[in-house]
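Colleague: Structure in structure tokens, see below.
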Amino acid sequence: MDIRDVTSDDLDAVLDLRQRSFGLVPAAERERWRQAALPALAEGRYLGMFDGPRLVATSRLRPFTQWWHGKPQPMAGVAAVTVSPEDRGKGVGGRLMQATVERAVAFGDAVSVLYPATTPLYRSAGYEHAGAQHRVTLPAESLRTIPPSGRVELRRMGPGDAAEVVSVLRRAHGAARASGPVSWDERTWALRLGQEDDFLYLAPDGYVVYHWDGPDIEVDNLVAESEETARALWSLVGTASSMAEHVTANVAPDDPVLWLLRERSTERVKQVRWMFRVLDVAAAVERRGYPAAVAGEAVVEVTDRLRAGNTGRWRLEFSGGSGAATPLGDSGESGAVLSINGLSALYAGIPAATLRRGGLMSGHERYDELLDTVFAAKPYMLDYF
């Protein structure tokens, strides 16, 4: 079997494999799926494994911006990982994921995220559980009772507002020192903002995307930089309470809406877990944001069976909200010992004590408190891909 870029001639086979893996794509949506896939083909972001002319497996790399402690960096979103039913259990997925990691590095990405259908495959490729998409279900009436504060100008938006949405996200996630959320590129946002069944409203420092889900409302994205805009957008969604009983929304685990509600007791929250991987230790540490008030250094020893350049001892230095990783070689001070899975989870804010009890960290504990402080995060995503 060989791995190569998928071309437009392979799209019928890709769609067939996708449907065998994830379920049928309605006929009305197939052309839209093709149009969305074509740019990925041209950019070398769709990989296929072939047994002669037969397509056996696929993976797609989606270009995202991801924020860590309010600092954006490029991120490789791995999606559309499929293996033909008759070829599962033969090591095909592992070979494909190794090629996918290598391609992501070639694009210059230092970190990567995926939503797993199965943990063992992706864990073997160096990914580890890190965050979640938090979906909270609230009474629609509770949102209607959020009183707007001041005057916020809202207008309907569409594909021509893609650049403004990207700008809003950059400002809002930076100001909130957010960890985990992502932004699509302008081209993809333009496609998303063209969905006929969505309701889209834009404010100077926020926006909302929502739609009817049967008799209820589902909020895909609601981002606001200020209290006034948060109140305006959530109360706008709440105006549907005359018909909708519930609103299900993708939110941060500490989203301000949960503190704006008049009444709050029991909440129904569904977590859709995602996994994270550090692809390039030095670049990932340099590109991440950190608490500006914390300074210090630590030594970690990392093993990465797919990326030899990550394996070894590293000195991590933090100061003024920035970080750096320098290779140390074999001599000198010892510190925490982690697989790339463990380092990836640490980077995403999983505490050292959890990693040690979970078998992902060992070695000396002298730096654990510093590592917990600099990498502290509550990672989340609003988007599923």
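Colleague: Using a Gaussian network model of the chain whose springs link C-alpha atoms within less than 10 Å, name the residue from 89, 238, 363 with the highest mean-square fluctuation.
Modeller: 89
Colleague: Still on this structure, I have one more. Between 305, 60, 231, where does the largest GNM mean-square fluctuation fall for the chain, given springs only between Cα atoms within less than 10 Å?
Modeller: Highest fluctuation among the options: 305.
Colleague: Among bridges DSSP assigns within the chain, what percent are antiparallel (round to 5)? Walk me through the intermediate numbers first.
Modeller: Values: 73 of 84 bridges.
Close to 85 percent.
Colleague: Using the Karplus curve 6.51 cos²θ - 1.76 cosθ + 1.60 with θ = phi - 60°, what ³J(HN,Hα) values do you get for each residue of the range 111-121, in whole Hz, with x for Gly and Pro?
Modeller: Calculated HN-Hα couplings, in order: 9, 8, 9, 8, 9, x, 7, 8, 6, x, 4 Hz.
Colleague: Out of these labelled values of Cα extents along the principal axes in Å, [x] 66, 56, 35; [y] 81, 62, 43; [z] 71, 53, 38, which was calculated from the coordinates shown here?
Modeller: Correct label, based on the coordinates given: [x].
Colleague: Taking the Cα centre of the chain as origin, sum charge times position over the Cβ atoms of Lys and Arg (+1) and Asp and Glu (-1), and report the length of that vector in debye to the nearest 20.
Modeller: Details: 43 positive and 50 negative charges, 96 e Å.
So the dipole magnitude of the chain works out to roughly 460 debye.
Colleague: Using 0.36 nm times the number of residues separating residue 171 and residue 337, minus their current alpha carbon distance, what extension gain do you get?
Modeller: Values: separation 166, 0.36 × 166 = 59.76 nm, distance 3.62 nm.
Answer, rounded to one decimal: 56.1 nm.
Colleague: Separate question: Could you work out how far apart the two model spin labels at residue 151 and residue 354 are, taking each label as a point 7 Å from the Cα in the direction of the beta carbon, and quote it in nm?
Modeller: Between residue 151 and residue 354, the label points sit 4.6 nm apart.
Colleague: Taking only complete DSSP H runs, can you tell me which helices of the chain stretch 15 Å or more along their own long axis by Cα positions and average at least -1.0 on the Kyte-Doolittle scale?
Modeller: Numbers: long enough: 11-22 (16 Å, -0.01); 27-42 (24 Å, -0.51); 92-106 (21 Å, 0.41); 162-175 (20 Å, 0.48); 227-238 (16 Å, 0.09).
Helices meeting the criterion: 11-22, 27-42, 92-106, 162-175, 227-238.
Colleague: On to the next question. Label-point separation (nm) for residue 258 and residue 137, each offset 7 Å from Cα along Cα-to-Cβ?
Modeller: 1.7
Colleague: Keeping all protein chains in place, calculate the accessible area per residue for the chain (probe 1.4 angstrom), answer in Å². Each step should come with its number before you reach the end.
Modeller: Values: 17150 Å² over 385 residues.
On a per-residue basis, 45 Å².
Colleague: What is the gain in length, in nm to one decimal, between residue 106 and residue 243 on full extension, counting 0.36 nm per residue of separation less the C-alpha to C-alpha distance? Before the final figure, lay out the partial values.
Modeller: On the way: separation 137, 0.36 × 137 = 49.32 nm, distance 5.03 nm.
Gain on stretching residue 106 to residue 243: 44.3 nm.
Colleague: For the range 371-385, list residues with backbone N below 19 Å from a point placed 7 Å from the Cα of residue 197 toward its Cβ?
Modeller: So the set is 383-385.
Colleague: Do the sum for the chain: with -39,500 (n - 2.57) for every DSSP H run of n ≥ 4, divided by all residues, what is the mean residue ellipticity at 222 nm, to the nearest 500 deg cm²/dmol?
Modeller: The per-residue figure over the chain is -9000 deg cm²/dmol.
Colleague: Which residue fluctuates most in the GNM of the chain (Cα springs below 10 Å): 107, 64, 276?
Modeller: Maximum fluctuation in the GNM of the chain, among the listed residues, is at 107.
Colleague: Just the number, please: percent antiparallel of the DSSP beta bridges in the range 1-159, rounded to the nearest 5.
Modeller: Numbers: 21 of 24 bridges.
Close to 90 percent.
Colleague: Then there's this: Residue by residue, what Karplus-based ³J(HN,Hα) values in Hz, rounded to whole numbers, does the range 306-316 have, using 6.51, -1.76 and 1.60 with θ = phi - 60° and x for Gly and Pro?
Modeller: Computed from phi, the couplings for the range 306-316 are 8, 10, 4, x, 8, 6, x, 9, 10, 9, 9 Hz.
Colleague: Also, quick follow-up: As I understand it, the dipole of the chain uses +1 on the Cβ of Lys and Arg and -1 on the Cβ of Asp and Glu, about the Cα centre. Which of 321, 290, 334 lies farthest toward its positive end?
Modeller: Sorting the options by dipole projection puts first 334.
Colleague: Follow-up. Mind checking the full-extension length gain between residue 364 and residue 212? Use 0.36 nm per residue of separation minus the Cα-Cα distance, one decimal, nm. All intermediate terms of the calculation are to be shown ahead of the outcome.
Modeller: Numbers: separation 152, 0.36 × 152 = 54.72 nm, distance 5.30 nm.
Length gained, residue 364 through residue 212: 49.4 nm.
Colleague: Send over the Kirkwood Rh of the range 83-201, from the inverse of the averaged 1/r over different Cα pairs, rounded to one decimal Å. Display every interim value, and only then the final one.
Modeller: On the way: mean 1/r = 0.0538 Å⁻¹.
So the Kirkwood estimate lands at 18.6 Å.
Colleague: So, one more: Which whole-Hz ³J(HN,Hα) couplings does the range 323-330 yield from phi under the Karplus relation 6.51 cos²θ - 1.76 cosθ + 1.60, θ = phi - 60°, glycine and proline marked x?
Modeller: For the range 323-330, the Karplus curve yields x, 8, 10, 10, x, 10, x, 8 Hz.
The values are calculated or read from the model by the stated rules, or taken from the named source; none is laboratory data. Since this is a predicted model, take the numbers as computed values, not measurements. In this analysis, Cβ positions are derived from the backbone assuming ideal geometry, glycine residues included, and neighbour counts consider all displayed protein chains. Heavy atoms of the whole protein, side chains included, go into the accessibility calculation; ligands, DNA and RNA do not. Shrake-Rupley method; radii C 1.70, N 1.55, O 1.52, S 1.80 Å.
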